[in-house]
Amino acid sequence: MILETIVVGALEVNCYVLGCERTRQAIVIDPGDNAPAILRTLQRGGLALTKIIATHAHFDHLLAGRQLQKVTAAPFYLHPADRPLLTAMQRTTAAWMGYDPGEPPQVAGDLAAGEVITAGDVALEVRHTPGHSPGGVTFVDHTGRRAFTGDTLFAGGIGRTDLPGGSAAKLLASIRAHILTLPDDYAVLPGHGEASTVGEERRSNPFLDAGLLDSWR
């Protein structure tokens, strides 16, 4: 499998490009900004974009989505619980960043817990991990032994829960049930910052102290 990480936008979102070496089909996770850079990465790898998927619908993870759709006609998928955030994307971007980002991507279908998103030999299991947002998801690549956690879990941190629809209790429950249940050697590839592993976060993430997790059951 081909994996490229592009850090995009003012908030430095990790956009991931996953490609199948056999079919040259590709998936983009979290097109946070800078569509030209994403398109150059696809072109350089000889990859055809067949799906765009989002870990959640905060604007910083979606700003290049509509432009990618216009160029490639790739469908965009999102968990339905985050559709209200997508609808509000232009308003929230203007409030936070001071400019109009244009139209949000058009949703072609919903992400559902337990389904598998494929592009050639690339296969990503969808795990619903709400807390940072109502429709937050984690994509698990069991072949590559890695989890794309969006803003649910970071290296040494967790996602903020003070935004609309956020919940600390749900976030910690999501991490416990759907990320910490993965083997320790699975890579954690977050929406911002450096990569880690499930084992490293289990051992050293101060927000995942066993007592704290138990208190939020």
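How many residues are buried (at least 18 other Cβ atoms within 10 Å of the Cβ) and over 15 Å from Phe148 (Cα atoms) if we restrict to the stretch 20-35?
6
Would you check which residues across the stretch 1-19 are of a type in the set (A, V, I, L, M, F, W, C), closer than 21 Å to Arg145 by Cα and modelled with pLDDT of 95 or more and list them?
Ile2, Leu3, Ile6, Cys15, Val17, Leu18
Out of curiosity, is Gly199 in a helix (DSSP H, G or I) and either in contact with a strand residue (DSSP E or B) (Cβ under 6 Å, 6 or more places away or on another chain) or of a type outside the set (D, E, K, R) (or both)?
Here the answer is yes, as Gly199 does meet what is asked.
Any residue in the stretch 132-154 that is under 11 Å from His58 (Cα atoms) sitting within a Cβ distance under 9 Å of a residue that is in a strand (DSSP E or B) and small (Gly, Ala, Ser)? List the pairs, counting only those 6 or more apart or interchain.
His132/Gly150; Ser133/Gly150; Gly136/Gly150
Residues that are touching a strand residue (DSSP E or B) at 6+ places or on another chain (Cβ under 6 Å), surrounded by 14 or more Cβ atoms within 10 Å (Cβ to Cβ) and of a type outside the set (Gly, Ala, Ser): find the strands (runs of 3 or more DSSP E) completely inside the stretch 109-167 holding 2 or more of those.
122-128, 137-141, 146-150
Could you list all residues from the stretch 40-61 that are out of contact with any Gly (no Cβ under 6 Å at 6 or more places or on another chain) and surrounded by fewer than 18 Cβ atoms within 10 Å (Cβ to Cβ)?
Selection gives Arg40, Gln43, Arg44, Gly46, Ala48.
Only one of Leu62, Leu42 is in contact with a Phe, Trp or Tyr (Cβ under 9 Å, 6 or more places away or on another chain), without any contact (Cβ under 8 Å) to a residue 60 or more places away in the chain and aliphatic (A, V, I, L, M). Can you tell me which?
Going through Leu62, Leu42 in turn, just one is in contact with a Phe, Trp or Tyr (Cβ under 9 Å, 6 or more places away or on another chain), without any contact (Cβ under 8 Å) to a residue 60 or more places away in the chain and aliphatic (A, V, I, L, M): Leu62.
Do we find that Ala88 is more than 15 Å from the chain's Cα centre (by Cα), at pLDDT below 90, over 23 Å from Pro190 (Cβ atoms) and surrounded by 15 or more Cβ atoms within 10 Å (Cβ to Cβ) in this structure?
Yes.
I want to confirm something. Restricting to the stretch 170-196 and keeping residues that are among the aliphatic types (A, V, I, L, M) and surrounded by fewer than 17 Cβ atoms within 10 Å (Cβ to Cβ), which single residue is nearest to Leu3 (Cα to Cα)?
Ala195
Please go through the stretch 88-108 and pick out each residue that is under 30 Å from Arg145 (Cα atoms) and either part of a helix (DSSP H, G or I) or in contact with a Leu (Cβ under 7 Å, 6 or more places away or on another chain) (or both).
Pro105, Val107 - these are the residues of the stretch 88-108 that are under 30 Å from Arg145 (Cα atoms) and either part of a helix (DSSP H, G or I) or in contact with a Leu (Cβ under 7 Å, 6 or more places away or on another chain) (or both).
Going by what's in this entry, would Glu12 be described as in contact (Cβ under 8 Å) with a residue 12 or more places away in the chain and farther than 21 Å from Leu85 by Cβ?
no
The values are calculated or read from the model by the stated rules, or taken from the named source; none is laboratory data. The structure presented is a predicted model; accordingly, all values stated were derived computationally and were not measured. Every residue, glycine as well, gets a Cβ built from its backbone with ideal geometry; the counts of neighbours run over all protein chains shown.
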